[in-house]
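Trainee: The structure follows.
The values are calculated or read from the model by the stated rules, or taken from the named source; none is laboratory data. These numbers come from a predicted model, not from an experiment. Here the Cβ is made from the backbone with ideal geometry for all residues, glycine too, and neighbour counts use every protein chain on show. The protein model used for the area step is the full one, side chains on, heavy atoms only, and it has no ligands, DNA or RNA in it. Shrake-Rupley method; radii C 1.70, N 1.55, O 1.52, S 1.80 Å.
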Amino acid sequence: MHNPTELPKNYDAKASEQKWQQYWIDNGIFRFDPDSKAEVYSVDTPPPTVSGKMHIGHAFSFSQQDFIVRFKRMKGFNIFCPFGTDDNGLATERLVEKLKGVKARDMPREAFVKLCEETLAAELRPSYLADWKRIGMSCDWEIFYTTINEHCQRISQWSFIELFKQGRAYRKEAPAMWCPECQTGISQVECQDKILDSHFNDIIFMVGDEKLLIATTRPELLPACAAVFYHPDDKRYQKFKGRKAKVPLFNREVPIMPDERADPEKGTGIAMCCTFGDQTDMEWQKAHNLPIIEAISKDGKMTAKAGKYEGCSIGQQPIKHAVNVHERCGTEIEFLTTKQWFIRYLDLKKEMLGWGNQLKWHPEHMKVRYEHWVKGLQWDWLISRQRYFGVPFPVWYCAKCEHPIFADEKALPVDPLKDKPPVKECPKCKCREIAPEKDVLDTWATSSLTPQLSTWLFKDKPIFKKLFPMSLRPQAHDIITFWLFNTAVKSQLHFRQNPWKEVIISGHALDPLGKKMSKSKGNVVEPQAVVEKYSADALRFWAATSKLGEDLPYMEKDIVTGQKFVTKLWNASKFAIMHLQDYNWDFAQEKPRHLEEMDKWLLSKLSTIIRESTESFESYEYYQTKMLVENFFWHDFCDNYLEIAKDRLYNAGNRGKEARESAQYTLYHAALSILKMIAPIMPHITEEIYHLYFAKHEQGIDGDAKDGKARSIHISRWPEPMLHDKNAEELGNLVVFALQQARRAKAEKNLSLKTPIKKMVLQAKFDIKDFEKIKDDLAAAAVIQDIDYFALPKESEKDFQAEVFL
């Protein structure tokens, strides 16, 4: 028998986790094999926006993704799990501006772009990636991309040119949502509804000699007033139909018209339409062909259209006002007429709903969010941004006729501000003055191509055709309208198919009171601190308590529960290993000639857990596997089986060699199966225990190791059910019942569990021959000197009865 002092006494999570994370990388444990014949399981891993460091929502969502990936790997799939970072666009610009104390608009563009690139490479990206490695993500870190590198820029620019060829990408001077703070146009998906304190301002319009009172929250748009609207059913204003109202201060007359979009309950029930104050104004302008009058400039200031008037003294009353704000900075948006690039897709709304139906959603109800978004679309996709650090549009314009001139696809990627145009004169008007496009592509125009950004790294290899469509898209529910929808659109427009077969949608991590975390509220939990205090495995254990799509409050007690599980798993596994040192493991894969009934009981219950856990993982219900294995480990394995088997393990002479070998066989397979089933959720502690003993015996699913042994538990074979024995399970349940009665009787008298029981009278629906199979294990485990057993009639209401005499 192994001397217990030779096994490590305690488990050092911090040292162990870092050790195995490096081991996995150094030994290519999670490396994708393009030459493998195994079935490919490809994952469109979310490229997180480089925001300084990982937040608790990342740790929550990415852990859930990793549970699935690790399970699939153990099932023998050739896993394609890349990792990328989304580090171009406004988010990166604002972060660099904050870190460096600069403003992009105050620097030469080339200098600011260089500053962003250097800051990302030297400061942001390395520490950012370290956070993901620290929680145990099992990506192939060699399949890496950033959405700003040349490879990604080439694909993004190719996509834009292809969509222009299809007639989908177009440039137009049109009303667009504008953020005065970020100084850029934004798309519908980047708007958030927000309730802000505002005021209704009472303004008097004259209709002939009559006064018409209009309440507005935007008096500064008075010079842009193009019409006045009332609801056709509003009798108060029906008399004004067809007449004109004089705009105060500007003395222009505008038509008064009925329209169902006017709200009789809002303000005075009659509204002025200004081009443009909000989305309704834009709809009115389009529906009634109203003139466009721009009163607000790009920097949010009044234009010359306001004349000498920049405000007026008017009556006000406080209100709560729902407005659209930019999701990046929270600034209330304006509606301006500017030249922008769009992707035309409003004509595809019916097809879009079909694309959603073709996907397999987990959970299924998340499809509703996709459908609501599609049905509510009112704008084509605005893809141009008036920013600095992003993927350049591969286009120049004729200075005379503005004809667009596109880059040669073989030259991609290009930067029109640096590179020469592909022609010396305009092919349309022959003008030789050609100007570069200064705008950059919206970051989502590139991020919506993540399946291509990763799989096209293997475009010249035979495996490429097996990578797309990808198997899985994992993501959080808040970016269904951003990332999932846009990726589906790009894939359908380019390839006429969905980019993935299935999608899994995670929820959000909330504070202990179920509130959204934010710095302003002071309720942010940093995953780095949790890992430092407890462990990555404990954090992942917490993430596994939630179903897909469900928001989960962060409760430290759940982390503590995870850490207790780590400790118990360590101690129970050490006990098992100690008793397996002299086991002839060559026969571990073959069932012994004789299995004790209590060993059959555990293996039969274990087989059920394996079968149910496998089914749960296959349907992406990892939380169910976690619950099943956790319960089996604590109660069946630790509380009962280890206590029952101790006598046979410690005192082989009393029960014979076969009885001990039966226990060793069961101990080996039960301990290893528990490790394997919980390994996708708690990868570090399971790897540590695996290498204490099991690594030298287990066959792997990979072909790298010369001896065929699995170099990691994460590339060992997922366990298979071993046996099903209903009679043994029922007999075992009788033993557990009797043990509970014995423990309760001793506890009631404050006696040690080692105190002998003089007699137990036990009754059950088994014949005496069956009872004899378990009698010795029960007597040893409960320390019973004498057991009287009586068979109950089959029709008895109770299955078991027991009396304990101390």
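Trainee: In percent, how large is the relative contact order of the chain, given Cα pairs closer than 8 Å and 6 or more residues apart? Walk me through the numbers on the way to the answer.
Mentor: Numbers: 1415 pairs, mean separation 114.0, N = 806.
That works out to 14 percent.
Trainee: Ok, one more. Amide H neighbours of Ala295 under 5 Å, counting only residues 5+ apart in sequence or on other chains, H built in-plane at 1.01 Å?
Mentor: Phe276
Trainee: With 30 Å as the limit, write out which pairs from Lys9/Lys646; Lys626/Lys726; Lys339/Lys375; Lys646/Lys726; Lys459/Lys547; Lys349/Lys410 have Cα-Cα distances beyond it, or answer none. Spell out each step's value before the answer.
Mentor: On the way: Lys9/Lys646 20 Å; Lys626/Lys726 24 Å; Lys339/Lys375 26 Å; Lys646/Lys726 24 Å; Lys459/Lys547 36 Å; Lys349/Lys410 33 Å.
Going by Cα-Cα distance, Lys459/Lys547; Lys349/Lys410 fall outside the 30 Å limit.
Trainee: Moving to a separate point now. If you average the alpha carbon positions of segment 535-589 and of segment 12-91, how far apart do those two centres end up, in angstrom?
Mentor: 20
Trainee: Still on this structure: Compare the Cα positions of Ser491, Ala652, Phe393 along the charge dipole of the chain (+1 at Cβ of Lys, Arg; -1 at Cβ of Asp, Glu; about the Cα centre) and return the one farthest towards the positive end.
Mentor: Final value for the positive-end residue is Phe393.
Trainee: Go through Ser752, Leu692, Leu731 and say which Cα lies farthest out towards the positive end of the charge dipole of segment 648-774; charges sit on Cβ, +1 for Lys and Arg, -1 for Asp and Glu.
Mentor: Ser752
Trainee: What shape does segment 567-703 have by the C-alpha gyration tensor, where a ≥ b ≥ c are the square roots of the eigenvalues, rounded means a/c under 1.5, and otherwise prolate means a/b greater than b/c and oblate the rest? Mind showing how you got there, number by number?
Mentor: Numbers: a/c = 1.71, a/b = 1.48, b/c = 1.16.
Prolate.
Trainee: To continue, here is another question. Can you list residues from other chains, or at least 5 along the same chain, whose modelled amide H is less than 5 Å from the amide H of Thr85?
Mentor: Amide H to amide H, under 5 Å and 5 or more residues apart or across chains, Thr85 pairs with Tyr145, Thr146, Thr147.
Trainee: If you don't mind, another one. Please give every one of the lysines within straight-line cross-link reach of Lys749, meaning a C-alpha to C-alpha distance under 17 Å, and leave out same-chain neighbours fewer than 8 residues apart.
Mentor: Partners found: Lys758, Lys759.
Trainee: Quick check on packing: order 419-432, 447-460 by the mean number of other C-beta atoms within 10 Å, highest mean leading.
Mentor: Numbers: 419-432: 13.4, 447-460: 20.9.
In decreasing order of mean packing, 419-432, 447-460 become 447-460, 419-432.
Trainee: Moving on to the next point. Return the calculated 222 nm mean residue ellipticity for the chain, to the nearest 500 deg cm²/dmol, obtained by summing -39500 (n - 2.57) across DSSP H runs with n ≥ 4 and dividing by the residue count.
Mentor: Working: 23 runs with 286 residues, N = 806.
Result for the chain, helices only: -11000 deg cm²/dmol.
Trainee: So, with +1 on the Cβ of K and R and -1 on the Cβ of D and E, and no other charges, what is the size of the charge dipole of the chain about its Cα centre, to the nearest 20 debye?
Mentor: It comes to approximately 1560 debye.
Trainee: Compute the length gained on full extension between Lys410 and Glu748: take 0.36 nm times their separation in residues and subtract their Cα-Cα distance, giving the result in nm to one decimal. Mind showing how you got there, number by number?
Mentor: Working: separation 338, 0.36 × 338 = 121.68 nm, distance 8.36 nm.
So the extension gain works out to 113.3 nm.
Trainee: For Ala121 and Thr608, FRET efficiency with R0 = 51 Å and r from the beta-carbon atoms, rounded to 0.05?
Mentor: Here the calculated transfer efficiency is 0.45.
Trainee: Here is a further query. Probe of 1.4 angstrom, ligands and nucleic acids ignored: what's the accessible area per residue over the chain, in square angstrom? Provide the component values of the computation, followed by the final result.
Mentor: On the way: 35570 Å² over 806 residues.
Here the per-residue accessible area is 44 Å².
Trainee: Once the principal axes of the Cα atoms of the chain are found, what is the range along each, listed largest first in whole angstroms?
Mentor: Result, largest extent first: 110, 64, 46 Å.
Trainee: Here's something else I'd like to know. For Lys501 and Ile25, calculate 0.36 nm times their separation in residues minus their Cα-Cα distance, and state this gained length in nm to one decimal. Spell out each step's value before the answer.
Mentor: Working: separation 476, 0.36 × 476 = 171.36 nm, distance 2.88 nm.
Contour length minus Cα-Cα distance gives 168.5 nm.
Trainee: Using only Cα atoms, what is the ratio of the radius of gyration of segment 647-803 to 2.2 N^0.38 Å? Show your work: numbers first, answer last.
Mentor: Numbers: Rg = 20.2 Å, N = 157, 2.2 N^0.38 = 15.0 Å.
My calculation over the Cα atoms of segment 647-803 gives 1.35.
Trainee: Sticking with this structure for a sec: Charges at C-beta only: +1 for Lys and Arg, -1 for Asp and Glu. How large is the resulting dipole of segment 491-604 about its Cα centre, in Debye rounded to 20?
Mentor: Values: 16 positive and 15 negative charges, 113 e Å.
I would put it at about 540 debye.
Trainee: Related question: Can you check what the net charge comes to around Pro462, using other residues whose Cβ is under 12 Å from the Cβ of Pro462 (Lys, Arg +1; Asp, Glu -1)? Could the numbers behind the result be given before it?
Mentor: Working: positive: Lys37, Lys459, Lys461, Lys465, Lys466; negative: Asp35, Asp460.
My count for the surroundings of Pro462 gives +3.
Trainee: Pick out, from Phe617, Cys638, Met627, the residue whose Cα sits farthest towards the positive end of the charge dipole of segment 607-654, with +1 on the Cβ of Lys and Arg and -1 on the Cβ of Asp and Glu.
Mentor: Working it through, the farthest residue towards the positive pole turns out to be Cys638.
Trainee: Taking amide hydrogens as modeled 1.01 Å from N in the peptide plane, which residues meet the under 5 Å criterion relative to Phe766, leaving out close sequence neighbours?
Mentor: Answer set, sorted by chain and number: Leu792.
Trainee: A further question on this structure: At a 1.4 Å probe, what is the % contribution of carbon and sulfur to the accessible area of the chain? Please list the in-between numbers first.
Mentor: Details: 17270 of 35570 Å².
Taking all protein chains in place, the chain shows 49 percent carbon and sulfur surface.
Trainee: Could you tell me the relative contact order of segment 512-640? Use alpha-carbon pairs under 8 Å, at least six residues apart, and round to a whole percent. Please list the in-between numbers first.
Mentor: Details: 66 pairs, mean separation 31.5, N = 129.
Relative contact order comes out at 24 percent.
Trainee: When N counts the residues of segment 391-535, how does its alpha-carbon radius of gyration compare numerically with 2.2 N^0.38 Å, as a ratio?
Mentor: Numbers: Rg = 22.2 Å, N = 145, 2.2 N^0.38 = 14.6 Å.
Compactness ratio reported: 1.52.
Trainee: Can you list the lysines whose alpha carbon sits under 17 Å from that of Lys114, skipping same-chain ones fewer than 8 residues off?
Mentor: Output for Lys114: Lys98, Lys100, Lys103, Lys418, Lys438.
Trainee: Just order 59-66, 248-255, 44-51 by mean Cβ neighbour count inside 10 Å, highest at the front, would you?
Mentor: On the way: 59-66: 25.4, 248-255: 15.0, 44-51: 22.6.
In decreasing order of mean packing, 59-66, 248-255, 44-51 become 59-66, 44-51, 248-255.
Trainee: What relative contact order, as a whole-number percentage, does segment 694-799 give when Cα pairs under 8 Å and 6 or more residues apart are counted? Show your work: numbers first, answer last.
Mentor: On the way: 111 pairs, mean separation 22.5, N = 106.
Relative contact order comes out at 21 percent.
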